[in-house]
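Notes to accompany the following structure.
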């Protein structure tokens, strides 16, 4: 049973992405295959150099960098969304894989889940 | 994963997730429109797959039911029947 | 496909912010009417507000937390509010009230507070998992 969690909202402006990440880590903690796909404004989760100190929030970049350590299998980003926001692969946290087709990507998982 | 998929969305047709939902739609899949998504029934800019269904209660509430093809309108029992038929379901 | 299917419901939209609790209740009634089973209702994110015992809408409006708890009690369905989502949003049971030395608790029966493990279990054990999100 493989699960793809999709995050389509920008970090910091909403809590839904953090709760999606908690779901992903939770699957991994129970040894269930889980991967993350970032689309639309959600690709900003993956930017290097985030600093949310002045917002009083923890940087999500650190949380995400720990994802592979927690057993999250893949961190995927929609290539079209990255292009739109002028993000090249070198701007993104290491270990990110660009995918060309959301349709083909989600076809590879038993379950596809949004957190909100 | 070759199974067909039941896509369920409650997002209005202008919502980005509505677009992702339609772009993920494959031959053999079905689509249920609920809540704000029923506005797609009368959306002149958005073609829907032929196997699309809309919750009648939501369409009536928003006064789009009488302008939609009747065969597309379903009740909650039909909704459950569809979820039982398709083993893979994505809630967009 | 077995005749009787087990469903897990995940509600992430709050009452009075989204239609999610209403849609979910209508679908839940239809699931039981079709002879299927609801293994668990899991409240996540904003959905935990459905477990508040303090929601007090005007008397001519539906009280969704009350309607949901009556449905769950009548059909003896397990209902869980995610602990991390709930505590952040001020949905607290007596145990957490004591642990964090809070003024009061407000978790509506029969909801319980538990972790995401209950959701993972639903993914593994239920035949179907349905999500009810907000539409924003």
Among the residues of the stretch B:33-92, how many are touching a strand residue (DSSP E or B) at 6+ places or on another chain (Cβ under 6 Å), within 11 Å of chain C (Cβ to nearest Cβ) and more than 24 Å from residue C:128 (Cβ to Cβ)?
0
Inspect the stretch A:19-27 for any residue being free of Cβ contacts under 8 Å to residues at least 24 places away in the same chain and surrounded by fewer than 16 Cβ atoms within 10 Å (Cβ to Cβ) and give the result as yes or no.
no
Where residues in the stretch B:1-41 are free of Cβ contacts under 8 Å to residues at least 12 places away in the same chain and in a helix (DSSP H, G or I), which of them is farthest from residue A:42 (Cα to Cα)?
B:23
Selection count, the stretch B:58-68, where residues are touching a residue at least 12 places away in the same chain (Cβ under 8 Å), surrounded by fewer than 20 Cβ atoms within 10 Å (Cβ to Cβ) and farther than 13 Å from residue B:13 by Cβ
2
Selection within the stretch C:88-114 - over 21 Å from residue C:70 (Cα atoms) and in contact with a strand residue (DSSP E or B) (Cβ under 7 Å, 6 or more places away or on another chain)
C:96
Could we say that residue A:27 is under 24 Å from residue C:131 (Cβ atoms) and within 14 Å of another protein chain (Cβ to nearest Cβ) here?
yes
For residues that are closer than 26 Å to residue A:105 by Cβ and outside any loop (DSSP other than H, G, I, E, B), tally how many sit in the stretch B:42-67.
2
Test of understanding: among C:134, C:122, which residue is within 14 Å of chain B (Cβ to nearest Cβ), part of a loop (DSSP other than H, G, I, E, B) and crowded, with 18+ Cβ neighbours inside 10 Å?
C:134
Quick one: in the stretch A:36-49, which of the residues that are buried (at least 19 other Cβ atoms within 10 Å of the Cβ) and either within 13 Å of another protein chain (Cβ to nearest Cβ) or more than 11 Å from the chain's Cα centre (by Cα) (or both) is farthest from residue A:86 (Cα to Cα)?
A:37
Quick one: would you say residue C:41 is surrounded by 23 or more Cβ atoms within 10 Å (Cβ to Cβ), within 14 Å of chain A (Cβ to nearest Cβ) and not in a loop (DSSP other than H, G, I, E, B)?
no
All conditions in (1) within 11 Å of another protein chain (Cβ to nearest Cβ); (2) without any contact (Cβ under 8 Å) to a residue 40 or more places away in the chain; (3) surrounded by fewer than 22 Cβ atoms within 10 Å (Cβ to Cβ); (4) within 13 Å of the chain's Cα centre (by Cα) are true of residue A:10 except (1)
One residue is enough: does the stretch A:68-89 have a residue meeting the conditions modelled with pLDDT under 95, within 14 Å of chain C (Cβ to nearest Cβ) and surrounded by fewer than 20 Cβ atoms within 10 Å (Cβ to Cβ)?
yes
Filter the stretch C:1-38 down to the residues that are assigned to a loop (DSSP other than H, G, I, E, B) and more than 9 Å from every other protein chain (Cβ to nearest Cβ), then identify the one that is farthest from residue B:89 (Cα to Cα).
C:16
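The values are calculated or read from the model by the stated rules, or taken from the named source; none is laboratory data. Given the structure is predicted, the values throughout are model-derived calculations rather than measurements. Quick reminder, even Gly has a Cβ in these numbers, built from the backbone with ideal geometry, and neighbours come from all protein chains shown.
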